[in-house]
Amino acid sequence: MTDRLTTAGRGVARFSAVSRPRYGVDGWPYVVGLTVASAVLAVVAVSVPRPRVVAGVAALLPGVPAFLGLRYVVTGKLRLRDLVLDQLAWSGGEVVVDLGAGGGLLGLGATARTTGTVHLVDLFVGKDLSGNCTRRLDRNIAILGVQDRVRVHRRDVRATGLPDGCADAVLSSLCIHNLAEAPERADALDEAIRLLRPGGTLVISDLANVVGEYAPRLRAAGLQVDTSRAPATFPPQRIVVARKSR
Ligand SMILES: C[S@@+](CC[C@H](N)C(=O)[O-])C[C@H]1O[C@@H](n2cnc3c(N)ncnc32)[C@H](O)[C@@H]1O
């Protein structure tokens, strides 16, 4: 699949399938484990005379989630990126913060929608995303040719060090659930709210806690909040869009 980012008018970013950005496999230890388990069981299913059907069905149990996870990585991530970015009314020049950016899926996608500065915040945790490191992110930035308007911050999403109200848009995908305790996740949401300027928009996509934790906390902070499902994601994700009043 050719990943071609466009923007109306200026700052068009294009890249071929050969040198396209790589955004990694989310939760790769699980995806690899499920794929290996499925492959082993499939080999058993074709090797043993009986009970071949039982082994075949057993191979499907890890095989189906492994396939869906890989499909999300190959095509679903790009659809999710576009869905998240479509939640904003871009007018050009927006300052964007991507919390838990990884390979820059959302933040680098935003560079095709705005000419403003994009801040990518991450601690580059290896278990959360395959190949997760600043070198891969720098490569993605270079492929897109947006070095002049992207800043990488090796910081915790709960303490980004960025100024109050600096962002027109704060984005995050599959990051905040990695914080194990509810108070830690609340701190990440409070940091996102702090970064948003009045009138700014926060969009979070995640596989857990969106309806039960994120939406109520954002509402309690006075933001206008909507939640929805994100199709073609696996594990299934939900999106919360929160707007800060002016
Ligand atoms: C599953 S990856 C998702 C990356 C990217 N948002 C995407 O959708 O492709 C989760 C990211 O969150 C980052 N992360 C996890 N906990 C973090 C924390 N407390 N502070 C900063 N980054 C964190 C990980 O390093 C990883 O890059």
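Annotation: of all residues in segment 114-139 being in contact with a helix residue (DSSP H, G or I) (Cβ under 6 Å, 6 or more places away or on another chain) and under 28 Å from Ser91 (Cα atoms), the one that is surrounded by the fewest Cβ atoms within 10 Å (Cβ to Cβ) is Thr117. In this structure, does Ala55 turn out to be more than 13 Å from the ligand (Cβ to nearest atom), in a helix (DSSP H, G or I), farther than 30 Å from Asp168 by Cα and in contact with a Ser or Thr (Cβ under 7 Å, 6 or more places away or on another chain)? No; evaluated as a whole, the condition is false for this residue.
Looking at Leu123, Leu162, Leu171, Leu137, just one residue is within 15 Å of the ligand (Cβ to nearest atom), part of a loop (DSSP other than H, G, I, E, B) and touching an Asp or Glu at 6+ places or on another chain (Cβ under 8 Å), and that residue is Leu123.
Residue by residue, here is whether (1) modelled with pLDDT of 90 or more; (2) not polar (S, T, N, Q) holds:
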residue: Gly24; (1), (2): yes, yes
residue: Gly27; (1), (2): no, yes
residue: Val32; (1), (2): no, yes
residue: Val64; (1), (2): no, yes
residue: Leu68; (1), (2): no, yes
residue: Thr75; (1), (2): yes, no
residue: Leu80; (1), (2): yes, yes
residue: Asp86; (1), (2): yes, yes
residue: Glu94; (1), (2): yes, yes
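Among the residues of segment 181-208, the one identified as in contact with a strand residue (DSSP E or B) (Cβ under 7 Å, 6 or more places away or on another chain), more than 13 Å from the ligand (Cβ to nearest atom) and among the charged types (D, E, K, R) is Arg197.
Of all the listed residues (Ala89, Ala66), the sole one being on the phi < 0 side of the Ramachandran plot, surrounded by fewer than 18 Cβ atoms within 10 Å (Cβ to Cβ) and among the small types (Gly, Ala, Ser) is Ala89.
For segment 24-43, the candidate set comprises residues that are out of contact with any Gly (no Cβ under 9 Å at 6 or more places or on another chain) and of a type in the set (Val, Ile, Thr); within that set, the residue that is farthest from Val74 (Cα to Cα) is Val43.
Checked against (1) of a type in the set (A, V, I, L, M, F, W, C); (2) surrounded by 14 or more Cβ atoms within 10 Å (Cβ to Cβ); (3) touching a helix residue (DSSP H, G or I) at 6+ places or on another chain (Cβ under 9 Å); (4) touching a residue at least 24 places away in the same chain (Cβ under 8 Å), Leu179 meets all criteria but (4).
The values are calculated or read from the model by the stated rules, or taken from the named source; none is laboratory data. This one's a predicted model, so the numbers in the text were calculated from it and none came from an experiment. Backbone-built Cβ (ideal geometry, glycine too); neighbour counts: all protein chains shown.
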